[in-house]
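Colleague: Below are the structure tokens for one structure; questions will follow.
All of the numbers you see were taken from the coordinates with simple rules; none came from a lab. Keep in mind that this is a model prediction, so the values were computed, not measured. No Cβ is skipped: glycine too gets one built from the backbone with ideal geometry, and neighbour counts run over all protein chains shown.
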Amino acid sequence: MIKNSVKKFGYINTIEGYSYLLLLFVAMPMKYLLGVAVAVKIVGMIHGILFIIFCALLIRAWEETKWPFSESLIFFIASLLPFGTFFTKKRIKSYEPISKK
């Protein structure tokens, strides 16, 4: 079960990171340079939903793996920075148990 929650957290970490970049570097320029405000509304809502899922899965993975609170704090702060979630991928993978083949 632990492997599953950490794996799900790793996936949402990546997806949420891409949605953040899409919001910052595609939707916002479309709004402010081209006047297409609907882009921010759509991408912003999708990113917001993904961020809520990210936070929920972060809490679940933290509770199940018993990793230090400081790790959770690092993952959360990284999610607030552009490209931050991509630097935590290796760290998240280190919490996944080694699968037997």
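Colleague: Compute the long axis of helix 69-80 from its Cα atoms, compare it with the longest principal axis of the Cα atoms of the chain, and write down the angle in degrees, 0 to 90, nearest 10.
Modeller: 20 degrees
Colleague: Continuing with this model, one more query. Roughly how many debye, to the nearest 20, is the charge dipole of the chain about its Cα centre, given +1 on each Lys and Arg Cβ, -1 on each Asp and Glu Cβ, and no other charges?
Modeller: 400 debye
Colleague: Sorted from fewest to most neighbouring beta carbons within 10 Å, what does the list Phe86, Phe54 look like?
Modeller: Phe86, Phe54
Colleague: Could you tell me which of the pairs Lys8/Lys31; Lys66/Lys90; Lys7/Lys89; Lys31/Lys89 are separated by over 21 angstrom between their Cα atoms in the structure shown?
Modeller: Among Lys8/Lys31; Lys66/Lys90; Lys7/Lys89; Lys31/Lys89, the Cα-Cα distance tops 21 Å for Lys8/Lys31; Lys31/Lys89.
Colleague: Turning to a different aspect of this structure: Angle, helix 2-22 long axis vs. longest principal axis of the chain, Cα atoms, 0 to 90°, nearest 10?
Modeller: 20 degrees
Colleague: Please sort 15-26, 60-71 by packing, taking for each peptide the average over its residues of neighbouring beta carbons within 10 angstrom, highest first.
Modeller: The peptides rank, most packed first, as 15-26, 60-71.
Colleague: Separate question: Taking the 0 to 90 degree range and rounding to the nearest ten, how far is the long axis of helix 38-65 tilted relative to the main principal axis of the chain, both from C-alpha atoms?
Modeller: Long axis of 38-65 versus the principal axis of the chain: about 10 degrees.
Colleague: Multiplying the sequence separation of Lys41 and Val26 by 0.36 nm and subtracting their Cα-Cα distance, what value in nm do you get?
Modeller: Result for the pair: 4.2 nm of gain on full extension.
Colleague: What net charge do the residues around Asn13 carry, taking every other residue with its C-beta under 11 Å from that of Asn13, with Lys and Arg at +1 and Asp and Glu at -1? Numbers along the way, then the final one.
Modeller: Details: positive: Lys7, Lys8, Lys89, Arg91, Lys93; negative: Glu16.
That sum, taken over residues with Cβ under 11 Å, equals +4.
Colleague: Would you indicate which of (i) 1.07; (ii) 1.05; (iii) 1.21 is the value of Rg/Rh (Cα atoms, Kirkwood Rh) derived from the coordinates of this structure?
Modeller: (i)
Colleague: OK, next. Using helices alone, I'd like the mean residue ellipticity at 222 nm for the chain: each DSSP H run of four-plus residues gives -39500 (n - 2.57), total over residue count, nearest 500.
Modeller: That calculation yields -23500 deg cm²/dmol at 222 nm.
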